[in-house]
Amino acid sequence: MASERWFSAAHATLRAMQDSIRTDPESVPPFDVERMLAAHARDTFELHARHINPAMVGVLQTLGFDARFVRGEGAYLWDDEGHRYLDLLGGYAVFNIGRNHPVVRDAIEQAMRASLPNLPGIGMFRTSGILAKELCAAAPGGGGPGGLESVFFASSGAEAMDAAIKFARCSTGRARILACHRGYHGLTMGSLALCGHPEFRDGFGPLIGPVTFVPFDDLPALERELRTGDVAAFVVEPIQGKGVFIPSDEYLPEAARLCSRHGAALIADEIQTGFGRTGRMFACEHWGVEPDIMVVAKALSGGYVPVGAVLMRERINRAVFDSMQNCSRIQTTFGQNDLAMVAGLATLHVLREGKVVEHAARVGELMLNGLRRAIGAMPIVKEIRGKGLMIGIEFGRPESLSLRMGWDLLHKLDQSLFCQAILMPLMSDHRMLAQVAAHRVDIIKLIPPLVMSETDADDVARAFEKTVGACNQFPGPVWEIGKKLSSAALRRVSRGVGVAGPS
Ligand SMILES: Cc1ncc(COP(=O)(O)O)c(C=O)c1O
């Protein structure tokens with residue numbers, strides 16, 4: 001009798017345990033995102049400082065870039081006090097079509113409702129085939145025979161860049177890669193090896209090699225290296241992101257010819273310049289160049305889902321996937337995931353149907369001219385350059401003795417402070433979010449969502465007129481900010497100005 005009672009108690013316990021295991025999705029209570037966010041309305045910086053990156057929290061708080069953003073739409077962000085900010089940073093060139101574009105959101109929701117057979121593992125993905133076809137059609141040369149006909153999908157820019165190196169090495173049978181001084185291609189171990197910035201490389205070596213750096217926009221230097229015959233690829237951003245450096249007109253066409261003559265692949269990194277950023281769908285188009293390999297990411301999925309892609313000539317793809325045995329030697333689990341693919345297709349649709357690229361060309365021209373009119377003649381402004389909505393404002397040592405004193409003082413304290421002293425009032429007084437273009441440069445970069453309006457462009461010129469204009473007297477407010485920033489404690493966190501960011 002006792003043993004019967006024991007068995008029935010054990011049975012009941014087992015049943016209770018099984019009941020608490022809820023494999024039926026309907027039986028799991030909903031997850032309330034709104035409630036979760038509301039419960040953490042005030043502790044974002046604390047959580048980041050504790051669990052993610054305390055140094056970054058220090059930098060943002062020091063620079064007054066610690067607004068609590070709660071909403072984003074189009075070219076704007078809103079903080080928790082209801083202030084609207086014009087976003088001149090665009091999530092580091094991710095939100096070309098604007099934040100939270102409803103058409104892309106709707107496409108993603110449709111895809112989720114359709115219960116697609118995502119990531120079948122062994123099996124073909126419908127969505128990635130369609131996106132590959134559309135990407136090739138949109139690429140320089142239109143994806144015709146011999147052109148950019150094949151695609152490899154990845155989950156980020158750097159990962160796609162790693163894959164591009166592998167495709168180039170495997171298809172040429174060579175190892176050496178050429179990259180440019182001041183170039184930026186991502187921070188994975190492979191892509192980092194191509195970055196011409198010691199700030200990112202130091203502390204992580206040894207990196208993959210052989211990699212040789214050549215000056216950007218220097219054809220003789222490029223030819224000297226290519227002539228040795230051991231180069232697999234020359235990797236180049238058509239316009240260098242870290243500083244917005246635009247090459248002379250002959251550079252990329254001639255680089256393409258040289259690569260072809262010497263059997264190396266020309267890899268164009270369009271991760272930042274792609275999808276309308278420079279007023280053309282891809283920056284290579286400004287010079288009529290069709291690279292052998294083109295790497296894209298960032299704006300491709302409208303800012304919703306991580307994505308990256310390597311477009312390449314068919315012969316390169318075939319050289320790598322050359323047999324059944326080698327059919328999977330470059331792959332990644334999430335590369336072709338349905339949500340990224342659908343977001344990519346919807347983003348291409350928005351770019352096309354909304355004529356976003358043409359809009360970027362027009363508003364970019366307006367903003368460039370507006371800025372040149374507003375601040376171009378100021379003694380502290382060296383050059384304002386750009387294509388489309390990728391604009392760099394470079395400052396330089398002024399002639400006037402008193403201004404030069406302020407300039408030298410700040411630069412002696414820290415090479416990155418001057419731009420930051422302009423960006424801070426731009427943020428606090430004009431509610432515009434922008435960034436220093438790189439470590440230790442006097443260049444501010446503007447890469448806003450391409451959907452910003454003509455009025456926004458006028459506002460930007462006016463805001464810079466005020467903030468840069470304030471540098472025209474020394475002592476003056478901007479120099480004061482710089483001085484404050486340079487106090488020992490602040491200098492420690494702002495050195496190299498972390499908010500120069502990944503782009
Ligand atoms: C030109 C360029 N290449 C590569 C990358 C790396 O992309 P990701 O940050 O998605 O790895 C970036 C990112 O800023 C970039 O601007």
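The values are calculated or read from the model by the stated rules, or taken from the named source; none is laboratory data. None of these values were measured; they are calculated from a predicted model. So basically every Cβ, Gly included, is an ideal-geometry build from the backbone, and we count neighbours across all protein chains shown. Just the protein is used for accessible areas: all its heavy atoms, side chains included, with ligands, DNA and RNA removed. Shrake-Rupley method; radii C 1.70, N 1.55, O 1.52, S 1.80 Å.
Numbers below:
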read-out	value
From Gly308, Gly302, residue being more than 12 Å from the ligand (Cβ to nearest atom) and under 30 Å from Gly72 (Cα atoms)	Gly302
Lone unmet requirement of (1) within 16 Å of the ligand (Cβ to nearest atom); (2) farther than 14 Å from Asp269 by Cα; (3) touching a His at 6+ places or on another chain (Cβ under 7 Å); (4) open to solvent by less than 50 Å² (accessible area, probe 1.4 Å) for Phe216	(2)
Matching helices (runs of 4 or more DSSP H) fully within segment 439-503 where at least 2 residues are at pLDDT 80 or above and farther than 30 Å from Ser156 by Cα	454-469, 477-485
Lone unmet requirement of (1) farther than 22 Å from Asn96 by Cβ; (2) open to solvent by 50 Å² or more (accessible area, probe 1.4 Å) for Cys471	(2)
Single match in Gly121, Gly144 (criterion: surrounded by fewer than 22 Cβ atoms within 10 Å (Cβ to Cβ), over 21 Å from the mean Cα position of the chain (by Cα), within 26 Å of Met281 (Cα to Cα) and modelled with pLDDT under 95)	Gly144
Neighbours by Cβ (under 8 Å, 6+ apart or cross-chain): first from segment 74-94, without any contact (Cβ under 8 Å) to a residue 24 or more places away in the chain and outside any helix (DSSP H, G or I); second open to solvent by less than 30 Å² (accessible area, probe 1.4 Å) and of a type outside the set (Gly, Ala, Ser)	Tyr76/Tyr85; Tyr76/Leu86; Tyr76/Asp87; Trp78/Tyr85; Asp79/Tyr85
Qualifying residue in segment 385-402 (condition: touching a residue at least 60 places away in the same chain (Cβ under 8 Å), part of a loop (DSSP other than H, G, I, E, B) and under 22 Å from Asp456 (Cα atoms))	yes
Among the candidates Glu254, Glu290, Glu285, residue that is more than 16 Å from the ligand (Cβ to nearest atom), in contact (Cβ under 8 Å) with a residue 40 or more places away in the chain, over 15 Å from the mean Cα position of the chain (by Cα) and outside any loop (DSSP other than H, G, I, E, B)	Glu285
Members of segment 172-199 found to be open to solvent by 40 Å² or more (accessible area, probe 1.4 Å) and away from the ligand (no atom under 16 Å from the Cβ), listed by number	Thr172, Gly173, Arg174, Ala175, Pro198
Whichever residue in segment 293-324 is over 24 Å from the mean Cα position of the chain (by Cα) and part of a loop (DSSP other than H, G, I, E, B) and, among such residues, is surrounded by the most Cβ atoms within 10 Å (Cβ to Cβ)	Phe321
